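Notes follow the structure.
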Amino acid sequence: MTHAAGPERPPGPRGHWLFGNTEEYDRDRNGFLERCHREYGDVFSFDARTIVVSSPDQVHALLTRTNSDFLAENSPLAGSMDTERMAADAELWTTTRRAGWQGLHRRMAQAHAERLREIFLKTVGDGEIDVLATMADFFGRATADFCLGADAEGVPETLAENVAALDPLSRDSLQLPPWWPSRKVRRFARSRKRLLALMTDIVRRRLAGDSSAQDLLSVLIASGDRQLSDLQIERFLRGIMLAALGVPAAALTWVVYELGRRPDMLARLEAEAASAGDVPVMGDLPYTEAFVKEVLRLWPPTWLIGRTVRRETELDGWPLKTGDQVLFSLYRLHRDPRWWSDPDQLMPERWLDSRVAPVRHTYLPFGAGPRVCVGTQLGMMQLTLATFWLVTGMNMTRLDETAIVPDFSGLLVPRDLRVRLRRKAARQDA
């Protein structure tokens, strides 16, 4: 049903006559959304074409209806809203993802896990580090290895360049068109072009040579008697690597932050790790996995998620037009006291009692629905193992005890977190 007897749009803050609510929102993004939620409830209008929803049922409906009534648009640049082109791109993404993930198996994941340890030891070493930068380097190399195996040379650096060019665009609520005479727009366009050109070269070389490697590219090439075009494969891999660099790097940075604040949890993690081998399999580290899940609840890197309306529809009774935007804050959902006890406290134990399950649709660190993160299981494996190696292999000391302020301007990260790492003596095989 729609609100036929009431307003056509949910209530919301009036904002500036010209700039709307953008300026106030950019001053304190999370604070602005929290104030609006207190004043207007679970759904409010951000502007004439954007609404924000907050309840688990609203969020679930939005995510499960993605690709049909709503579309996931990820371009950092403004442009004309061609919803049917976006729908066609979404279908290609879904087809490619299905082909790739059907071909993955436990043996490939374990082969990656073995290589992942070597990547960790090479990128996370002794000395003072900027945690976010170091973890981005680690996950850039880890994701390139998973996707491309031995052909990954040069990809992590080009990928990092693309992410660095994307960051200032993602921080600005005002999207610029691709023709805008801006240095940051030109930088992003150049970096994207270089990465796609590199991916094209790698795919063509793999097609002309050996495709028996244990990596995602080999699976995509072998899937469905080559139903996927080279372009589909190239763009899918680029999307996977971009998504799998920033989000897990931010998550592992929050892991380091919480390890430094909670010696009680660190001791329990160390006790669990003492009986594990160098590369444990998932299931051998229940407390470590619960700790990672709880960090993702408290500090979800993708803290704000949006969808574009594909065609006229409604959400929770509110009418929506083609091209409208719907947003929700994963950070607020994960900390809503209606759904979580002690929502602002880090409590890994809440994941260890099978009799106590979260309220449905209230824990979504990897999204849900047709556009759920394709690397959910891979991401959890990488984060759990990296946490295990941090605990077993490193002593960590915060360099600056100044309170860390969460940065909501792009991915949710603890900016300027620096630690000193000192490698522990090699332990005896468990």
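The values are calculated or read from the model by the stated rules, or taken from the named source; none is laboratory data. Computed from a prediction, not measured in an experiment: that's the story for all the values here. Cβ placement follows ideal geometry from the backbone for every residue including glycine, while neighbour counts extend to all protein chains displayed. We work out accessible area using only protein heavy atoms, side chains counted, and drop any ligands, DNA or RNA first. Shrake-Rupley method; radii C 1.70, N 1.55, O 1.52, S 1.80 Å.
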Nearest 0.05, what FRET efficiency do A150 and D126 give at R0 = 41 Å with Cβ-Cβ as r? 0.90
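As a test of reading the structure, rank K321, K184, K122 by solvent-accessible area (1.4 Å probe, protein chains only), most first.
Values: K321 130, K184 65, K122 170 Å².
Descending order: K122, K321, K184.
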Determine, from the Cβ-Cβ distance of A164 and A267 and an R0 of 35 Å, the FRET efficiency 1/(1 + (r/R0)^6), rounded to the nearest 0.05. 0.40
For segment 11-72, averaging the sequence separation of alpha carbon pairs under 8 Å that lie six or more residues apart and dividing by its residue count, the contact order in percent is 26 percent
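What percent do you get for the relative contact order of segment 315-408 when only Cα pairs under 8 Å and 6+ apart count?
17 percent
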Nearby lysines by direct alpha-carbon distance to K122 (threshold 21 angstrom, same-chain neighbours under 8 apart not counted): K424
Computing the accessible area with a 1.4 Å probe over protein heavy atoms, can you report the carbon and sulfur percentage for segment 260-343? 50 percent
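Please tell me the relative contact order of segment 278-342 in percent, rounded to the nearest whole number, where contacts are Cα pairs under 8 Å and at least six residues apart.
Details: 55 pairs, mean separation 19.6, N = 65.
Contact order relative to length: 30 percent.
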Residue by residue through segment 274-287, which ³J(HN,Hα) values in whole Hz follow from phi under the Karplus form 6.51 cos²θ - 1.76 cosθ + 1.60 (θ = phi - 60°), with glycine and proline marked x? 4, 9, 9, x, 5, 10, x, 8, 4, x, 7, 10, x, 6
Sequence-distant residues sharing a close amide H with F46 (under 5 Å, placed H): I51, V52
Provide the per residue accessible area, probe 1.4 Å, for segment 239-331, rounded to a whole number of square angstrom. 33 Å²
Cα to Cα, under 17 Å, and not fewer than 8 places away if on the same chain: which lysines meet these conditions relative to K193? K184
